[in-house]
Amino acid sequence: MSPVLLTSQIPEEQRLVSWHKAVDRELVPVTVVPHDAGPFTGRLVTDRVGTLRVTTVEADAHRIKRTKTHIARSPEPLIAVGVQVTGRTVLVQAGRQVTADRGDLFVYDTSRPYFLERPERFAVHVVLIPRRTLDLSDEALDSISGTAFGTAQGCAAVLKPVLMTVVSSAHEYSAAATGGLVNGLVDLFSTLVTERYEGLIEGAGTTRDHLVVRIYEHIDQHLGDPSLSPDSVARAHQISVRYLHRLFEDEGITVGRLIQRRRLERCALELARRGRTMPTVSAIAQRWGFVNPAHFSRVFRGAYGLSPREWRTQRLESGVTMRAAEQHADG
């Protein structure tokens with residue numbers, strides 16, 4: 001990286017204006033208000049690593065404010081992940097106020113207003129991650145906006161040195177290495193977000209219950225997708241597979257078994273349905289996510305005691321109505 005701005009090379013009366021322009025261009029538009037009336041000094045160094053913008057800021061004490069007016073000038077949502085190298089940062093966003101001390105990580109969302117207080121001379125590394133590159137829900141990102149993390153343990157302890165390396169050595173990487181580095185940093189950050197989000201859910205029973213209901217609805221809406229699985233369900237709800245299984249410990253059934261049972265119920269209903277034209281057994285199985293006909297027949301017999309064809313024949317010959325079939329499946 002090379003300095004974008006070094007205020008010592010600028011006349012004193014032009015420094016603050018030049019600093020504002022550099023911050024607007026290299027980071028995001030904000031209002032900067034120095035603590036002291038004397039000459040403002042600072043150093044801004046920036047670079048790009050793939051889709052990431054990486055910046056080191058060293059400056060005198062000042063306040064930063066980002067408003068809706070600023071946001072309108074740079075509408076692309078970015079997630080800022082910072083490392084406090086020296087000094088302190090007081091961050092206010094989303095109704096939260098946290099202080100990042102030396103060595104801490106802090107996170108904020110540039111698409112929402114925020115306030116940063118640097119009460120003394122400081123240095124920070126900041127990585128700006130485009131929101132579009134993060135496979136995370138709005139709820140999960142909301143849970144981490146305006147937060148700070150100690151880096152002695154956990155995922156933050158792993159993320160910090162990676163982030164520091166990306167910032168300090170951005171210019172040294174080849175194009176091939178850059179892709180892997182960006183993916184690694186984004187994956188680690190996503191894990192940090194997921195850990196926090198799951199922890200918040202764990203501590204709020206009503207939130208947990210709401211999540212379980214959403215998972216049931218998601219499963220019912222995607223039964224016809226052969227790729228529906230615990231992995232895909234977890235990804236869709238921005239939680240880990242391990243946590244998904246923990247959520248269902250009180251449900252009396254695993255997620256995999258629930259998916260299979262729901263699919264079998266839908267198949268049983270269709271097999272019992274009368275009509276002028278009736279789809280084949282294999283067509284019904286495929287419609288509800290069963291790819292292998294032999295596997296479908298085996299699990300159907302295990303659940304209902306009859307093969308799919310025997311089930312269809314028995315139901316049609318006995319004159320069982322669709323409503324009766326539904327009651328059987330629900331039971």
Requested in this report: Looking only at region 1-16, decide whether some residue is surrounded by 20 or more Cβ atoms within 10 Å (Cβ to Cβ) and not in a helix (DSSP H, G or I).
Outcome: yes
Query - So residue 86, is it more than 23 Å from residue 113 (Cα to Cα), polar (S, T, N, Q) and either touching a Ser or Thr at 6+ places or on another chain (Cβ under 9 Å) or surrounded by fewer than 17 Cβ atoms within 10 Å (Cβ to Cβ) (or both) - result: yes
Query raised in the report: Yes or no: residue 29 of a type outside the set (Val, Ile, Thr) and either surrounded by 15 or more Cβ atoms within 10 Å (Cβ to Cβ) or outside the structural domain of residue 186 (by TED's automatic domain parsing) (or both)?
Result: yes
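Among the candidates 140, 123, 148, 80, single out the residue that is in a strand (DSSP E or B) and modelled with pLDDT under 95.
Numbers: 140 fails: in a strand (DSSP E or B); 123 fails: modelled with pLDDT under 95; 80 fails: modelled with pLDDT under 95.
Exactly one residue qualifies, and that residue is 148.
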Query raised in the report: Could you count how many residues in region 129-165 are under 16 Å from residue 100 (Cα atoms) and without any contact (Cβ under 8 Å) to a residue 40 or more places away in the chain?
Result: 3
Report task. Kindly indicate whether any position in region 255-268 is part of a helix (DSSP H, G or I) and either farther than 22 Å from residue 225 by Cα or in contact with a Cys (Cβ under 9 Å, 6 or more places away or on another chain) (or both). Result -> no
Query - Criterion violated by residue 69 - all others in (1) farther than 27 Å from residue 182 by Cα; (2) in a strand (DSSP E or B) satisfied - result: (2)
Query - Condition met for residue 49 (surrounded by fewer than 17 Cβ atoms within 10 Å (Cβ to Cβ) and either within 23 Å of residue 134 (Cα to Cα) or touching a strand residue (DSSP E or B) at 6+ places or on another chain (Cβ under 9 Å) (or both)) - result: no
Query raised in the report: How many of the residues making up region 20-63 are part of a strand (DSSP E or B), under 30 Å from residue 184 (Cα atoms) and among the β-branched types (Val, Ile, Thr)?
Result: 7
Query raised in the report: Can you find even one residue in region 104-120 that is over 23 Å from the mean Cα position of the chain (by Cα), surrounded by fewer than 16 Cβ atoms within 10 Å (Cβ to Cβ) and part of a strand (DSSP E or B)?
Result: no
Report summary line: When (1) among the small types (Gly, Ala, Ser); (2) surrounded by fewer than 19 Cβ atoms within 10 Å (Cβ to Cβ); (3) in a helix (DSSP H, G or I) are applied to residue 252, the one that fails is (3)
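One line per residue, one yes/no per condition, for (1) among the polar types (S, T, N, Q); (2) modelled with pLDDT of 80 or more; (3) within 16 Å of the chain's Cα centre (by Cα):
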{"residue": "187", "(1), (2), (3)": "no, yes, yes"}
{"residue": "204", "(1), (2), (3)": "no, no, no"}
{"residue": "211", "(1), (2), (3)": "no, yes, yes"}
{"residue": "222", "(1), (2), (3)": "no, yes, no"}
{"residue": "226", "(1), (2), (3)": "no, yes, no"}
{"residue": "232", "(1), (2), (3)": "yes, yes, yes"}
{"residue": "235", "(1), (2), (3)": "no, yes, yes"}
{"residue": "250", "(1), (2), (3)": "no, no, no"}
{"residue": "257", "(1), (2), (3)": "no, yes, no"}
Query raised in the report: Within region 111-166, can you find the residues that are closer than 14 Å to residue 192 by Cβ and basic (Lys, Arg)?
Result: 160
Report summary line: Being small (Gly, Ala, Ser) and closer than 21 Å to residue 186 by Cα narrows 87, 103 down to just 103
Query raised in the report: In region 58-69, what residues are buried (at least 17 other Cβ atoms within 10 Å of the Cβ) and within 27 Å of the chain's Cα centre (by Cα)?
Result: 64, 66
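Mind checking whether some residue in region 157-176 is in a loop (DSSP other than H, G, I, E, B) and either surrounded by 14 or more Cβ atoms within 10 Å (Cβ to Cβ) or touching a Cys at 6+ places or on another chain (Cβ under 7 Å) (or both)? Break it down stepwise before answering.
Initial filter on region 157-176 (in a loop (DSSP other than H, G, I, E, B)): 169, 173-174.
In the following step, the residues that additionally are either surrounded by 14 or more Cβ atoms within 10 Å (Cβ to Cβ) or touching a Cys at 6+ places or on another chain (Cβ under 7 Å) (or both) were identified as 169, 173.
Checked region 157-176: at least one residue is in a loop (DSSP other than H, G, I, E, B) and either surrounded by 14 or more Cβ atoms within 10 Å (Cβ to Cβ) or touching a Cys at 6+ places or on another chain (Cβ under 7 Å) (or both).
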Query - Scan of region 222-243 for residues that are closer than 16 Å to residue 260 by Cβ and assigned to a helix (DSSP H, G or I), ordered by number - result: 230, 231, 232, 233
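The values are calculated or read from the model by the stated rules, or taken from the named source; none is laboratory data. Model, not experiment: these values are computed from the prediction. Every residue, glycine as well, gets a Cβ built from its backbone with ideal geometry; the counts of neighbours run over all protein chains shown.
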